[in-house]
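Student: Below you'll find the structure I mean.
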Amino acid sequence: MTMHATKKPGEAITVVVTAVGALIGQGIIRSLRLSGLKMRVIGVDRDANGIGRYWCDTFFAKPAFDEDSEAYLDFWTDLLRDEAVDLVLPGLELDVLFFSRNRAAFAELDARIVLNGSAVIELAQDKWDFGLELERLGLPAIPALLGAGFADCVRDLGLPLLLKPRQGNGSRGIAVLKDEDDFNYWSRKSSDEFLIQKFIGNDEQEFTVGAFGFGDGTALPPIVFRRKLSVAGNTQYAEVVDHPVLADTVEKLAAIFRPVGPTNYQFRMDGETPYLLEINPRFSSSTSLRAAFGYNEAVMSVEYYLWGQRPAAPDIRPGRGWRYYEDYVVT
């Protein structure tokens, strides 16, 4: 499937990046700036004092409206129309959900929105339902229990255990449970509904994979990172690796779920078995790292959603990448 072109290569464009106060939005901006394309970048974020605004050409603070309100919808339709926006690149899962669930309201505008398919976006919202779907499809699924006590979890899953919120992304709210005290503590502490999973593999066998999908069951060849996570659950260190098993698995998953646009798959290997932890049907915290190695999903999105072109398979460079803190001072 190829998107209908609304702009021609070489024409100046106006793009909106959301959540520019956070890592993913900032990674999208960085990826766009690497491209050398003629563009005006408009940043949007709730925090008017965040650093991301200084990397944009124009900035708008999100109003303090409920995201289900007509007033909030009007803010977005007015912004896209008044600023003659060509493309919207959501940098936050909540923004992806907002734009996806309001597709009809934006359909008559000229702006294109980088969105995955509705079905995969909704499926990715619930880890329990996602695990059940993997089982239904006959794919490796991490054994898990919902609403079970400690004794049942140990009997069926063994120790250690992993507590995960049913909803949410990254490693927020996830805890390793080594004994009953851990189980009781984190069960009480968790404010969200959670599931208990079997602990599989180890931290050295965790991978994040990016593969730009075309909505017809095909995708570009993936870029595979072996990764280590920060405390916040984002990729802190990444190494480009050649992993035929994961590349083959992602090809099969793309054929099943038919994602479109930037899509992130997170795996943990247990021996030779790849367990899919989750699909992020959007830009992810690894976006700028992928761009640094030649897999620029932001530029692919311009080509696909705006120019109506199927991006070519990129030449992925080998190497390693780290994230670190740096001061940015405005006087």
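The values are calculated or read from the model by the stated rules, or taken from the named source; none is laboratory data. Not measured: the values here are computed from a predicted model. Note that each Cβ is placed from the backbone with ideal geometry, even for glycine, and that neighbours are counted across all protein chains shown.
Student: Where residues in the range 235-280 are closer than 21 Å to G201 by Cα and acidic (D, E), which of them is surrounded by the fewest Cβ atoms within 10 Å (Cβ to Cβ)?
Tutor: E272
Student: If you take the residues of the range 281-311 that are more than 17 Å from the chain's Cα centre (by Cα) and of a type in the set (D, E, K, R), which of them is farthest from F214 (Cα to Cα)?
Tutor: E303
Student: Going residue by residue through the range 142-160, is there one that turns out to be surrounded by fewer than 21 Cβ atoms within 10 Å (Cβ to Cβ), closer than 21 Å to P259 by Cα and touching a residue at least 12 places away in the same chain (Cβ under 8 Å)?
Tutor: no
Student: Could you please let me know if D182 is among the acidic types (D, E) and either surrounded by 15 or more Cβ atoms within 10 Å (Cβ to Cβ) or part of a strand (DSSP E or B) (or both)?
Tutor: yes
Student: Within the range 74-117, restricting attention to residues that are closer than 15 Å to G261 by Cβ and basic (K, R), which residue is surrounded by the fewest Cβ atoms within 10 Å (Cβ to Cβ)?
Tutor: So, considering only residues that are closer than 15 Å to G261 by Cβ and basic (K, R), the one surrounded by the fewest Cβ atoms within 10 Å (Cβ to Cβ) is R103.
Student: Conditions: (1) farther than 21 Å from E133 by Cα; (2) without any contact (Cβ under 8 Å) to a residue 40 or more places away in the chain. D248 meets all but one. Number of the miss?
Tutor: Single failed check for D248: (1).
Student: Here is a further query. Which of the residues belonging to the range 127-141 are part of a loop (DSSP other than H, G, I, E, B) and either surrounded by fewer than 17 Cβ atoms within 10 Å (Cβ to Cβ) or touching a His at 6+ places or on another chain (Cβ under 6 Å) (or both)?
Tutor: If the condition is that a residue be part of a loop (DSSP other than H, G, I, E, B) and either surrounded by fewer than 17 Cβ atoms within 10 Å (Cβ to Cβ) or touching a His at 6+ places or on another chain (Cβ under 6 Å) (or both), then L137, G138, L139, P140 are the ones that fit.
Every residue, every condition in (1) among the basic types (K, R); (2) touching a Pro at 6+ places or on another chain (Cβ under 9 Å); (3) under 15 Å from N169 (Cβ atoms), yes or no:
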position	(1), (2), (3)
Q197	no, yes, no
F207	no, yes, no
Q236	no, no, no
K252	yes, no, no
P262	no, yes, yes
M269	no, no, no
G294	no, yes, no
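Student: Tell me, which strands (runs of 3 or more DSSP E) wholly within the range 1-97 include 1 or more residues that are farther than 21 Å from Y305 by Cβ?
Tutor: It comes to 39-45, 58-61.
Student: Need pairs with beta-carbon distance below 6 Å; first residue surrounded by fewer than 21 Cβ atoms within 10 Å (Cβ to Cβ) and within the range 189-212, second at pLDDT below 90; sequence gap 6+ or separate chains.
Tutor: Here the result reads E206/R227, each pair linking the range 189-212 to a residue that is at pLDDT below 90.
Student: Here is a follow-up. Here are some residues: V260, V231, V224. Which one is modelled with pLDDT under 95 and under 23 Å from G91 (Cβ atoms)?
Tutor: V231
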